[in-house]
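So the structure is just underneath, and the comments pick up after that.
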Amino acid sequence: MSNTARIANIVRLHASGIVIAAALCGFSGQAMAQEAPSASPKSDDIIVTAQRVNATHVENGGGAGVLGNKSALDLPFNLRSYDETLILNQQPKSLGEVLENDPTIRTSYGYGNASENFIIRGFPLYGDDVGLNGLYGIAPRQLTAPELFESVQVLNGASAFVNGASPGGSGLGGSVNLLLKRAGSEPLNRVTVGYTSDSHFGGSFDVGRRYGDFGVRINGNYQDGDVAINREDRMTQVLGVGLDWSHGPVRVSLDLGYQKVGVDSLRPKLNLYTAEIPKVPKASANYAQDYTYTRMRDFFGVFNFEYDFAPNATLWAKAGARDGKERGIYGTVNVTDALTGDGYGTAASTPLNQNNEAAEIGARVKLGSVVTNEISWGANINWQEFRTAYDFFWGPDFAGKPTNIYNTPQTTLPASSFSGGDLDDPFPITRNKLWSVFAADTIGFWDDRVMVTGGLRLQSLDVKSYAYTDAFDGSYAAGDLTSEYKRDAITPVVGIVVKPAEKISLYANRIEALQQGSTAGSDAVNFGEVLAPYVSTQYEFGGKVQVGPMFAGLSFYQIKKPNAFTDPVTLIYGLHGQQRNRGVEFTLNGEIVHGLRLISGVAVTDAKLTKTSDGTDGNIAKGVPDWTANANLEWDTPFITGLTLTGRVTYTGKQWVDNANTMRLPDWAVFNLGARFVTAAGDVPVTLRLSVDNVANKAYWSSAYDSFGTALLQGQPRTFKASISADF
């Protein structure tokens, strides 16, 4: 390390110490001021201003893909945005913890590893299919650290036209788009130090400046240590740089990001091979093996260009790329005796290197005055390459190692049972290319009091698969192309918005979701036939109203998703099955009175299997709660300047564990409490935060959603969080 670098590190360490000391002094000074009021008006102004600027709230509307940035009242869909103040105040460790604020979303895990899935309207959204600045495949997959983002946008419902088909084929019930941080109009210098129980510590910085037309935002975060689940250790490193330039009709930006995430001894989901649900272990219990771990590293970036080539017309182009690497040993616990908790453990290693690129170009023009036409058209393309391999540790007899979820013994890694690909240097196993062209027109009547939207997107899916190993008969070698799926589909959209009054909006839509079709197996007479892309159709109607700072939305929807299986009579593989999800969603957010803010809502979901191959017609789909509800309150207390009290209740209704509807989880509710205190160290606002998640330390099964079998995910234990931020 050079002398210059050493000096820079010393300066940074001293600066951090000064900030913390100033914050602590500010806290004690404020406490004294409570006893004998003598704070200057300047200090009070700083405190009140900082308290209001950092208030947690929800934006109604956001980026609607092809349709551009829109207010919720102007869209025939439901779109909400959770901003960076929520992330700063709640100190979430993952994207899933941010989305816990949404009453229409619940989070589960993928198969065996640390990968979050989001259940929206009864269907999963995989972490792979989360958008970044409007592009798929660029955001970190599996686990996403939220500190880099200024907004988390949630669109409820199918969105194949709005955003294009997701590469992973999920998101039938909704989509999530992340926006990276950019410099604001005011200078920003923020340092934060945080703690999460049991021994998880971290620190972050966030700096933003504008120099005339040019803006720069640099932020980073590092945290490491044990969380409230016994023996589970999590580490996160992130760094983001946002550069933007705006001059006249031209806007250009470049966002770059780095994320490294590690998890040791992740408490996994439980696979059930029982006819009963086991009793929930204590809230902090961990049935993982110490040899399990996950390491994920991502470099990613997005370039964006916009040009207003006329006062009413904009041309845009964007491009992004991501380089990802994953390594780990992922554990699976299989319960065979619900009464005793006995079972067996297995493990797997699936190293992955991934390279993705995406690009989009388009234009939007608004014409007319009495009758308006907002016309959008363009094209996008997405490339993904998965270089992976596998090694399954199931033991020589495929029986794994004995374990117990209530008294878990630590064992050695089971012997490798079978493997494929090059574990040291994985070669391509899947290459995806998705491209589309789109056109839409929103026609407005009577000063846009009635707006009708129609559009078409031609979507092409090209998926190539390659062999992990040599064929037994020598017909192909490892790495050879074994199959290619290449199909096209057109996904239309029709929507209408009617505004009977200025702040009231009624809407309806018909929109579709798109998934890659599957291939008939050896049990079918049409073995090898590749089905056309699956189209799921959504119908939705509802209303939105804004009264002062309060916003309410109500929606009713139906989504029909086709399922493929081999007909037991004709032995023909095809789209014989169907799942029909219907529901009602109500959201309410805003400032009830000055200083009292609310984020809340309730969702009712009826996810029914209407056509099946196993006699479960009419049953409720597993893992989909019948009710979900949230209420998050913040109160800026009038009796102590700078003090904000917070609380949230999260309720999840009953859910079936299996599609046969023989096992059912009870409903559950958890309560979070917290407080923020803003004070002033000289002219520097300092914010102290303290919160407790799951105050009662309730032990509960949080989710039964699983794409592969019958499984349970345990909810998080009581967790204490504390942080201190200085904005100087």
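The values are calculated or read from the model by the stated rules, or taken from the named source; none is laboratory data. Keep in mind that this is a model prediction, so the values were computed, not measured. Note that each Cβ is placed from the backbone with ideal geometry, even for glycine, and that neighbours are counted across all protein chains shown.
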**Prompt:** Can you name the number of the only condition in (1) assigned to a loop (DSSP other than H, G, I, E, B); (2) under 31 Å from the mean Cα position of the chain (by Cα) that ARG431 fails?
**Reply:** (1)
**Message:** Just to be sure before I move on: is PHE205 in contact with a Lys or Arg (Cβ under 8 Å, 6 or more places away or on another chain), buried (at least 23 other Cβ atoms within 10 Å of the Cβ) and of a type in the set (Phe, Trp, Tyr) in the structure I sent?
**Reply:** no
**Message:** Condition check: closer than 30 Å to TYR534 by Cβ, assigned by TED's automatic domain parsing to the domain that holds ARG106, modelled with pLDDT of 95 or more and more than 24 Å from the chain's Cα centre (by Cα). Does ILE559 satisfy that?
**Reply:** no
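One line per residue, one yes/no per condition, for (1) modelled with pLDDT of 95 or more; (2) outside any strand (DSSP E or B):
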residue: ASP606; (1), (2): yes, no
residue: SER613; (1), (2): no, yes
residue: THR616; (1), (2): no, yes
residue: VAL624; (1), (2): yes, yes
residue: ASN630; (1), (2): yes, no
residue: ILE640; (1), (2): no, yes
residue: ARG648; (1), (2): yes, no
residue: LEU688; (1), (2): yes, no
**Message:** touching a His at 6+ places or on another chain (Cβ under 7 Å), farther than 30 Å from PRO76 by Cα and not charged (D, E, K, R): which single residue out of PHE527, PHE472, PHE565 fits that description?
**Reply:** PHE565
**Request:** Evaluate segment 481-501: report whether one residue or more is of a type in the set (Asp, Glu) and part of a loop (DSSP other than H, G, I, E, B).
**Result:** no
**Asked** For segment 168-179, does any single residue satisfy the condition of being more than 14 Å from the chain's Cα centre (by Cα), assigned by TED's automatic domain parsing to the domain that holds GLU59, small (Gly, Ala, Ser) and at pLDDT 95 or above?
**Response** no
**Asked** Can you find even one residue in segment 700-717 that is at pLDDT 95 or above, more than 22 Å from the chain's Cα centre (by Cα) and over 22 Å from VAL602 (Cβ atoms)?
**Response** no
**Prompt:** Can we say THR403 is modelled with pLDDT of 95 or more, more than 19 Å from TYR136 (Cβ to Cβ), assigned to a loop (DSSP other than H, G, I, E, B) and assigned by TED's automatic domain parsing to the domain that holds ASN334?
**Reply:** no
**Message:** Looking only at strands (runs of 3 or more DSSP E) that lie completely in segment 334-392, which have at least 1 residues being closer than 28 Å to ASN304 by Cα?
**Reply:** 352-367, 372-388
**Residue check, GLY65 under 30 Å from PHE541 (Cα atoms), out of contact with any strand residue (DSSP E or B) (no Cβ under 6 Å at 6 or more places or on another chain), modelled with pLDDT under 95 and assigned by TED's automatic domain parsing to the domain that holds SER170** = yes
**Restricting segment 156-179 to residues that are of a type in the set (S, T, N, Q) and out of contact with any helix residue (DSSP H, G or I) (no Cβ under 6 Å at 6 or more places or on another chain), the residue that is farthest from PRO76 (Cα to Cα)** = ASN177
**Fill in**
For segment 615-645, the count of residues that are crowded, with 19+ Cβ neighbours inside 10 Å and either touching a Phe, Trp or Tyr at 6+ places or on another chain (Cβ under 8 Å) or not assigned by TED's automatic domain parsing to the domain that holds GLY674 (or both) equals 12
**Request:** Give segment 117-141 a look and list any residue that's of a type in the set (S, T, N, Q) and either surrounded by fewer than 24 Cβ atoms within 10 Å (Cβ to Cβ) or over 13 Å from the mean Cα position of the chain (by Cα) (or both), or say none.
**Result:** ASN133
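One line per residue, one yes/no per condition, for (1) under 30 Å from PRO140 (Cβ atoms); (2) at pLDDT 95 or above:
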site: GLY324; (1), (2): yes, yes
site: ARG327; (1), (2): yes, yes
site: ASN334; (1), (2): yes, yes
site: ASN356; (1), (2): yes, yes
site: ILE361; (1), (2): yes, yes
site: VAL365; (1), (2): no, yes
site: GLY368; (1), (2): no, no
site: TRP377; (1), (2): no, yes
site: PRO396; (1), (2): no, no
**Item:** Condition check for ARG664: surrounded by 20 or more Cβ atoms within 10 Å (Cβ to Cβ), among the basic types (Lys, Arg) and at negative phi
**Value:** no
**Request:** For segment 272-285, indicate whether the set of residues that are within 25 Å of GLY203 (Cα to Cα), surrounded by 17 or more Cβ atoms within 10 Å (Cβ to Cβ), in contact with a Lys or Arg (Cβ under 7 Å, 6 or more places away or on another chain) and not acidic (Asp, Glu) is non-empty.
**Result:** no
**Request:** Can you work out which of the residues in segment 412-459 that are of a type in the set (Gly, Ala, Ser) and in contact (Cβ under 8 Å) with a residue 60 or more places away in the chain is nearest to GLU357 (Cα to Cα)?
**Result:** SER436
**Complete:** Within segment 564-588, the count of residues that are touching a Gly at 6+ places or on another chain (Cβ under 8 Å) and either closer than 30 Å to PHE639 by Cβ or assigned to a loop (DSSP other than H, G, I, E, B) (or both) comes to 2
